[in-house]
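The values are calculated or read from the model by the stated rules, or taken from the named source; none is laboratory data. Predicted model only: the values in this text are computed from it and were never measured. Here Cβ is always computed from backbone atoms with ideal geometry, including for glycine, and neighbour counts include all displayed protein chains.
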């Protein structure tokens, strides 16, 4: 098949469905072209080695790219961010209509919503069906993150979303909760498929051993590891409260890996309250994170209690499963269901200290062989249900289905 990937973000920017997705499609025998912007996410500045111009053609690992101009920005200004989205969508629409090869299907990555609008215009002019991959549920996410609070604008965005849903040929979502929400908003059940995200498999498989200092910090301990962003959404004060409950248990240790807006405050709180069984490790590339994850005994996923989070699967879940360690899922809904289906860990109530404490005890008191089996269950479930290869096979099945209808 000939596939046009339409996405505002692509490698070298961090993105879920970037170069690895394109390369796997090519490996499975398909012709891939990518229409994207000049790399500027997440800093809002054009990456070194690139210069903003009208367009640029390039090739990365055998994948053909057409980059188009956009207003580079990703700061807290909603107006500037909107202009960033609109500028890319306008240029992508023009070049998608006049400067891309004929394709059998358009794969359009959302967010932002404006990519979906551009895809619809390309479809109308070139009669190419669209598979629309929704990674964030708009306008819900915009409201939950505080990016937009104006109800009139949020309602308008919701109406535009419904128009895009009507014109695209098929929608892919990352979890069952998203599918149910779309059905409630009038999208036919048969028009929606669930394909879970995969993780950075290359980064994990090439993981280097953890630095010696981290190995020493984590040796002879039962390490409960949280890796990733540490912001308000992660509500990690609750995890510090849990850590305090375990201070009398000599070998239980909580390890925070990464960074974010809350990191410094959390560090200071652990010092002020003398929470001695907590250590912080700075943000590092995935290839190095993997080395730390392999030293863990239990991998923690935690988000604040919010209905939106109950219908999503935090991206670290897939990485945790792929690494093959027991998981403590302190997020209700779809993510908890995955862990229970895989039989790879324990489930707790978010921000509930007693519930999280009990879930830790459950795994801690298992025998070494039982803990090992949980990790194997996680790894096997990932390979069968969530891997890049299996995910791309599912996408191709949908691509073929929609292309036959045209």
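So the values come out like this:
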| quantity | calculated |
| --- | --- |
| Among (1) in contact (Cβ under 8 Å) with a residue 40 or more places away in the chain; (2) buried (at least 19 other Cβ atoms within 10 Å of the Cβ), the one test that residue 393 misses | (2) |
| Lone unmet requirement of (1) free of Cβ contacts under 8 Å to residues at least 24 places away in the same chain; (2) in contact with a helix residue (DSSP H, G or I) (Cβ under 6 Å, 6 or more places away or on another chain) for residue 248 | (2) |
| Residue 402 vs. criteria under 30 Å from residue 129 (Cα atoms) and more than 23 Å from the chain's Cα centre (by Cα) | yes |
| Qualifying strands (runs of 3 or more DSSP E) (wholly inside region 263-353; at least 2 residues being without any contact (Cβ under 8 Å) to a residue 60 or more places away in the chain, assigned by TED's automatic domain parsing to the domain that holds residue 209 and closer than 21 Å to residue 177 by Cβ) | 327-330, 345-347 |
| Residue 100 vs. criteria farther than 25 Å from residue 43 by Cα and in contact (Cβ under 8 Å) with a residue 12 or more places away in the chain | yes |
| Residue among 152, 162, 143, 102 that is part of a loop (DSSP other than H, G, I, E, B) and modelled with pLDDT under 95 | 102 |
